[in-house]
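**Student:** Please find one structure pasted underneath; my questions will follow.
The values are calculated or read from the model by the stated rules, or taken from the named source; none is laboratory data. What you see is a predicted model; the values in this text were computed from it and never measured. All Cβ positions, even for glycine, are placed from backbone atoms using ideal geometry, and neighbour counts span all protein chains on display. For accessibility, only protein heavy atoms count, side chains too; no ligands or nucleic acids. Shrake-Rupley method; radii C 1.70, N 1.55, O 1.52, S 1.80 Å.
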Amino acid sequence: MEGSKGVVLLNCFVSPFGNRVRIALTKKGVEHEVTSENMVNKSALLLASNPVHAKVPVLLVAGKPVCESLVILEFIDEAFATSGEQLLPADAYARAQARFWAAYVDAKVPACAGKIWQSPTGALAVEEGKKEMVDVFKTLEAELGEKAYFAGESLGFADVALVTFAPWFLTYERLAGFSIAEECPVLTAWAARCAKENECVSKSLPDPEAVFQFVGGMRKHFGLQ
């Protein structure tokens, strides 16, 4: 599938998952529209496009929906293979490693993040989430090592999977009372590098303060503070 007519992304501006897709589409130079979704009052289009999970992101291509962010990233790589650089490497082993670390991010980061921002103020779960997050980030730092990116010398699949959580760091820090920069300096330097050296990242990520304000509104809505 080549050409980018009729490409629409259903997203919420703070979503780490939806913003992965924004980065990928921008990196590949795929023209697209972004439709903002209200995650409390979900649109009929979102519910019809993703009836299983009713969540963003959903990528509509000529009206056909593709769901789940990592699935969408691979779809973009394949559907727009001649547009821009590939997110996944050509080497089979390197592809497997990229998929492994992206899956690790999805298995670990949302769970500990949820304990921090979806728990009532002062709950024990917040402290648990903080400790788990530091452990997860240190594991990722060990994998990153001295490389510029998880993919090596340029932004790749695992980098895109993780970097979209960076605008949330401020929220995690304020709610849990710690500094990710102090605990995980290698990871925070990597996140800054991703944004500084890749316009597709800097143009696709929300302002951290806006994320914090959004989360504060959600917490008030659900009586968590």
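**Student:** Straight distance only, please: which aspartates and glutamates reach the Cα of LYS131 with their own Cα at less than 14 Å, same-chain residues fewer than 8 apart left out?
**Tutor:** Here the aspartates and glutamates satisfying the reach criterion relative to LYS131 are GLU173, GLU182, GLU183.
**Student:** Another question, if that's okay. Summing -39500 (n - 2.57) over the DSSP H runs of n ≥ 4 in the chain and dividing by its residue number, what mean residue ellipticity at 222 nm do you reach, to the nearest 500 deg cm²/dmol?
**Tutor:** On the way: 11 runs with 127 residues, N = 225.
Computed mean residue ellipticity for the chain: -17500 deg cm²/dmol.
**Student:** Let me see the P(r) profile for the range 109-164: every Cα-Cα distance counted, bins of 5 Å, each bin given as a percent of all pairs.
**Tutor:** Computed distribution, short to long bins: 4, 19, 22, 19, 13, 12, 7, 4, 0.
**Student:** In sequence order, what are the phi-derived ³J(HN,Hα) couplings for the range 211-225 according to the Karplus relation 6.51 cos²θ - 1.76 cosθ + 1.60 with θ = phi - 60°, rounded to whole Hz, with x for glycine and proline?
**Tutor:** With coefficients 6.51, -1.76 and 1.60, one gets 5, 4, 5, 4, 5, x, x, 5, 5, 5, 4, 9, x, 8, 8 Hz.
**Student:** Also, I was wondering about something else. Which whole-number percent is the relative contact order of the range 93-225 (Cα, under 8 Å, 6+ apart)?
**Tutor:** Numbers: 125 pairs, mean separation 37.4, N = 133.
For the range 93-225, the relative contact order is 28 percent.
**Student:** With a 1.4 Å probe and every protein chain kept in, tell me what percent of the accessible surface of the range 72-225 is carbon plus sulfur.
**Tutor:** Details: 4010 of 7320 Å².
Heavy-atom surface of the range 72-225 belonging to carbon and sulfur, 1.4 Å probe: 55 percent.
**Student:** If you don't mind, another one. What whole-number volume per residue, in cubic angstrom, does the convex hull of the C-alpha atoms of the range 64-122 give? Before the final figure, lay out the partial values.
**Tutor:** Working: hull volume 6.6 nm³, N = 59.
Looking at the range 64-122, the number lands at 111 Å³ per residue.
**Student:** Which of the lysines could a cross-linker span from LYS203 if the Cα-Cα distance has to be under 17 Å and same-chain partners fewer than 8 positions apart are dropped?
**Tutor:** By straight Cα distance, LYS203 reaches LYS27, LYS28.
**Student:** Along the principal axes of its C-alpha atoms, what lengths does the chain span, in descending order and rounded to whole Å?
**Tutor:** Result for the chain: principal-axis Cα extents of 51, 45, 27 Å.
**Student:** Modelling each spin label as a point 7 Å along the Cα-to-Cβ direction, I'd like the MET39/LEU124 distance in nm, to one decimal.
**Tutor:** Inter-label distance under the simple model: 2.7 nm.
**Student:** Near the amide H of VAL7, under 5 Å away, which other amide H atoms are found, from residues 5 or more places off or on another chain, if H is placed in the peptide plane?
**Tutor:** Here GLU33, ALA62 satisfy the definition.
**Student:** Determine the per residue accessible area of the range 91-191 with all protein chains present and a 1.4 angstrom probe, expressed in square angstrom. Present the calculation step by step, with values, prior to reporting the outcome.
**Tutor:** Details: 4430 Å² over 101 residues.
Accessible surface, normalised per residue, equals 44 Å².
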